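Trainee: Sharing a structure, written as structure tokens. Questions coming.
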Amino acid sequence: MMGKQLVDVADGRTWQDDLRGELEQLADADNLRRLRSAQVLGKYVAYGGRQYINMSSNDYLGLGAETELQRRFLAALPDDRFLMSNPSSRLMTGNSGDYEALEAALAALYPGKAPLVVGCGFMANSGVLPALTRKGDLILADKLVHASMIDGLRLCECEWRRFNHNDLNHLERLLRKMRGDYHRVWVVTESVFSMDGDRAPLQELVTLKHRYDLQLYVDEAHAFGVYGPSGAGLSVAEGVDDEVDVLIGTFGKALASCGAFVAVDPLVREMLVNRMRTLIFSTALPPLDLMWTRFLVEHLLEFEPRRRHLQRLTEMLLPGHPSATHIIPIITGENGAALGLAERFRRAGFWTTAVRWPTVPKGEARVRISLSAAISEEEVERFLTVWKNIG
């Protein structure tokens, strides 16, 4: 009956007993997560009656509380449309002209590609590969790709393997051994890795693409808006975007909006519209969000000073590391050590959080520092002093 506890006949334990036991195990391993009611105020986080400098945000360009931009956007809004809702999928009645306008703005960043906007980055990564791969294909994915890509791999009908992180030798050994047994082979990576902050060797991956006749899939979630003179990402900055068969970008990080896009060949886009379940069976984004995102995409060139400032902040924290990015992991190893380090930073006025398994591999817990262009050089100097004193 409804409301009654489910009992395992074998031992008399209820489902709730099992859940309680699992939660206790997580707590014992310093791996229990809880949602905190915190308020983001630009570059600050307000929590527990105190204000902290936010060192854990993905608002890389500092646009989240840029009031002048918001005023310019709101001044241009039409006053005769209801902008807050789009209650249908894109294939029903949700494909408003705002989608097409945003996709046209994105197309200007990626000549020759046809962008397709979806609800979020998780939907893009979990939906594209199942739509494009077939039995007889093989996917080789970097070991540290995002969970959304792992979920997408699990939904594929083809085989898939993972190669050691950024290890081109391991990848090529797999290709030499396996390439001849499969119809089409995909190599999947991130351009800037979300937890380690390092970059994929895109130039070398392109070389392997031609050597072994591969398809290249690059998730630019943490690079879109940040790299290249147009902010189009690391593939464009390194001049290899024409070689990327599937390019993923998100709007919820550097662009301080929501949603994501897939930039592909026009024929591939048509296939995604017909086979990508996360697009077909999801509600369209509200017009207001689409219009705000388009406004930001059209102003990406204007944000170049922010990108340069972000690079300066990165160089302050990691001097002498030319390939360093705005994501800086401080690896502690053990969960408790990561929790303790995050708390010590917060006591000094900097909001940081511990990242633990399954977000990162077991034994590689860390505090993940993510810089924002909203932060000043003086604030980064203060953070660096605290970091050095903590040791």
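The values are calculated or read from the model by the stated rules, or taken from the named source; none is laboratory data. What you see is a predicted model; the values in this text were computed from it and never measured. Every residue, glycine as well, gets a Cβ built from its backbone with ideal geometry; the counts of neighbours run over all protein chains shown.
Trainee: Any chance region 343-354 includes a residue that's aromatic (Phe, Trp, Tyr), touching a strand residue (DSSP E or B) at 6+ places or on another chain (Cβ under 7 Å) and not in a helix (DSSP H, G or I)?
Mentor: Scanning region 343-354 turns up at least one residue that is aromatic (Phe, Trp, Tyr), touching a strand residue (DSSP E or B) at 6+ places or on another chain (Cβ under 7 Å) and not in a helix (DSSP H, G or I).
Trainee: Any residue at all in region 213-220 that is in a loop (DSSP other than H, G, I, E, B), in the same structural domain as Ala260 (by TED's automatic domain parsing) and surrounded by 23 or more Cβ atoms within 10 Å (Cβ to Cβ)?
Mentor: yes
Trainee: Let me ask something else. Mind listing whichever residues of region 333-360 are without any contact (Cβ under 8 Å) to a residue 24 or more places away in the chain and not acidic (Asp, Glu)?
Mentor: Across region 333-360, the qualifying residues are Gly340, Arg347, Ala354.
Trainee: Something else: Kindly establish whether Glu270 is closer than 30 Å to Arg72 by Cβ and surrounded by fewer than 24 Cβ atoms within 10 Å (Cβ to Cβ).
Mentor: Against the criterion (closer than 30 Å to Arg72 by Cβ and surrounded by fewer than 24 Cβ atoms within 10 Å (Cβ to Cβ)), Glu270 does not qualify.
Trainee: Between a residue in region 298-314 that is closer than 13 Å to Gly62 by Cβ and any residue that is modelled with pLDDT under 95 and of a type in the set (Lys, Arg), which pairs come within a Cβ distance under 6 Å, given they are 6 or more apart or on different chains?
Mentor: Listed pairs, sorted by first residue: none to list.
Trainee: Continuing with the same structure: Does Arg154 satisfy being at pLDDT 95 or above and assigned to a helix (DSSP H, G or I)?
Mentor: When the stated conditions are applied, Arg154 passes them.
Condition check ((1) surrounded by 17 or more Cβ atoms within 10 Å (Cβ to Cβ); (2) assigned to a helix (DSSP H, G or I)) across all residues:
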residue	(1), (2)
Leu288	yes, yes
Leu296	yes, yes
Arg307	yes, yes
Gly320	no, no
Gly336	no, yes
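Trainee: Can you run down the residue pairs with Cβ atoms below 6 Å, 6 or more apart or on separate chains, where the first is in region 117-142 and farther than 11 Å from Tyr217 by Cα and the partner is surrounded by fewer than 19 Cβ atoms within 10 Å (Cβ to Cβ) and among the aliphatic types (A, V, I, L, M)?
Mentor: Pro130/Leu155
Trainee: Oh, and also: Only one residue in Ser88, Ser37 is in contact with a helix residue (DSSP H, G or I) (Cβ under 9 Å, 6 or more places away or on another chain), farther than 30 Å from Glu377 by Cβ and small (Gly, Ala, Ser), so which one is that?
Mentor: Only one candidate qualifies: Ser88.
Trainee: Considering each of Gly239, Gly228, Gly252 in turn, give the residue that is free of Cβ contacts under 8 Å to residues at least 24 places away in the same chain, in a loop (DSSP other than H, G, I, E, B), surrounded by fewer than 18 Cβ atoms within 10 Å (Cβ to Cβ) and assigned by TED's automatic domain parsing to the domain that holds Ala101.
Mentor: On inspection, the qualifying residue turns out to be Gly239.
Listed here are the residues, each with its yes/no results for (1) closer than 23 Å to Gly48 by Cα; (2) small (Gly, Ala, Ser).
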residue: Ile327; (1), (2): no, no
residue: Leu339; (1), (2): yes, no
residue: Arg344; (1), (2): yes, no
residue: Arg347; (1), (2): yes, no
residue: Thr353; (1), (2): yes, no
residue: Ala365; (1), (2): no, yes
residue: Arg368; (1), (2): yes, no
residue: Ala373; (1), (2): no, yes
residue: Arg382; (1), (2): yes, no
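Here is a yes/no grid of residues against (1) over 30 Å from Arg344 (Cβ atoms); (2) over 26 Å from the mean Cα position of the chain (by Cα); (3) not assigned by TED's automatic domain parsing to the domain that holds Leu290:
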residue	(1), (2), (3)
Glu24	no, yes, yes
Ala29	no, yes, yes
Leu41	no, no, yes
Tyr52	no, no, yes
Leu69	yes, no, yes
Leu91	yes, no, no
Ala104	yes, no, no
